[in-house]
1. Please compute the net charge surrounding L40, taking Lys and Arg as +1 and Asp and Glu as -1 over other residues with Cβ under 14 Å from its Cβ.
2. With the other protein chains left in place, how much accessible area per residue, in square angstrom, belongs to the chain at a 1.4 angstrom probe?
3. When the chain is treated as a GNM, springs tying every alpha-carbon pair under 10 Å, which of L18, L40, L50 comes out with the largest mean-square fluctuation?
4. Compute the acute angle (0 to 90°) between the alpha-carbon long axis of helix 32-66 and the principal axis of greatest extent of the alpha-carbon atoms of the chain; round to the nearest 10°.
5. Give me the percent of accessible area attributable to carbon and sulfur for the chain, probe 1.4 angstrom.
6. Once both labels are modelled 7 Å past Cα along the beta-carbon direction, what's the E55-M32 spacing in nm?
7. Rounded to the nearest 0.05, what FRET efficiency do A48 and L14 have when you use their Cβ-Cβ distance and R0 = 35 Å?
8. Rounded to the nearest 10 Å², what accessible area does E38 have for a 1.4 Å probe in the complete protein model?
Amino acid sequence: MVRKQVGQILAAVLLVFLVACSGDEETETPRMYDAQREALEQAREVEAVLQKADEKRREEIEEMETH
């Protein structure tokens with residue numbers, strides 16, 4: 001009896017998820033993700049700047065060691 005109820009609950013939850021996920025594909029991307037996407041892009045830009053600075057610092061250290 002308990003297994004039957006658990007199975008029914010799981011089936012209902014699965015149905016809710018499927019209905020919630022089956023949206024119109026032509027809808028516009030929600031605006032709430034725009035801020036996250038922009039922050040991620042800025043973080044990538046900062047990472048590139050930091051990598052360049054680190055590379056320059058390593059080259060300077062290497063140059064100092066050879067002299």
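The values are calculated or read from the model by the stated rules, or taken from the named source; none is laboratory data. The structure presented is a predicted model; accordingly, all values stated were derived computationally and were not measured. Here the Cβ is made from the backbone with ideal geometry for all residues, glycine too, and neighbour counts use every protein chain on show. To get the accessible areas, we keep the full protein, side chains included, count just its heavy atoms, and leave off ligands, DNA and RNA. Shrake-Rupley method; radii C 1.70, N 1.55, O 1.52, S 1.80 Å.
1. Working: positive: R37, R44; negative: D34, E38, E41, E45, E47.
Taking every Cβ under 14 Å from that of L40, the sum is -3.
2. Details: 7000 Å² over 67 residues.
Roughly 104 Å² per residue, with all protein chains present.
3. L18
4. Approximately 30 degrees, to the nearest 10.
5. Details: 4110 of 7000 Å².
On the chain, the fraction of accessible area on carbon and sulfur atoms equals 59 percent.
6. 3.9 nm
7. Details: r = 43 Å, r/R0 = 1.23.
With a Förster radius of 35 Å, E is 0.20.
8. Near enough 110 Å² of accessible area.
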